[in-house]
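Asker: Sending over a structure as structure tokens; questions will come in a sec.
A short reminder: the numbers here are calculations on the coordinates, not readings from a lab. The structure presented is a predicted model; accordingly, all values stated were derived computationally and were not measured. So basically every Cβ, Gly included, is an ideal-geometry build from the backbone, and we count neighbours across all protein chains shown.
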């Protein structure tokens, strides 16, 4: 096929990315930003702009720092697994062998 260019079809990544976040963490970051904006507007109207800045900005930075830490250590898949593991009953989440538990209790 001379003269014709060949185009390779590849999978397109349709996930949303915000500052390196992916998966569920993107939506958590977007909700944090939107709630910070709403909280800022509410505090701005009820009090003063200085109080709104002193309250909302540190909270937003702490939430984004925590999400960034989760993204770097667990990733979106690990975060989802951790959330579903927290919902399991206690008898399923035993992390020691049964023999060691029996020996410690005696």
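Asker: Sorted from fewest to most neighbouring beta carbons within 10 Å, what does the list 28, 81 look like? Could the numbers behind the result be given before it?
Answerer: Working: 28 19, 81 12.
If I rank by nearby Cβ atoms, fewest first, I get 81, 28.
Asker: Can you pull the one-decimal nm distance between simple spin-label points at residue 84 and residue 41, each 7 Å off the Cα toward Cβ?
Answerer: Inter-label distance under the simple model: 3.7 nm.
Asker: Report the FRET efficiency, 1/(1 + (r/R0)^6), for residue 77 and residue 54, where r is their Cβ-Cβ distance and R0 is 35 Å, rounded to 0.05.
Answerer: Working: r = 37 Å, r/R0 = 1.05.
Computed FRET efficiency for residue 77 and residue 54 comes out at 0.45.
Asker: Sticking with this structure for a sec: Mind sorting 47, 73 by how few other Cβ atoms lie within 10 Å of their own Cβ, fewest first?
Answerer: On the way: 47 12, 73 9.
Listed from fewest to most nearby Cβ atoms, that is 73, 47.
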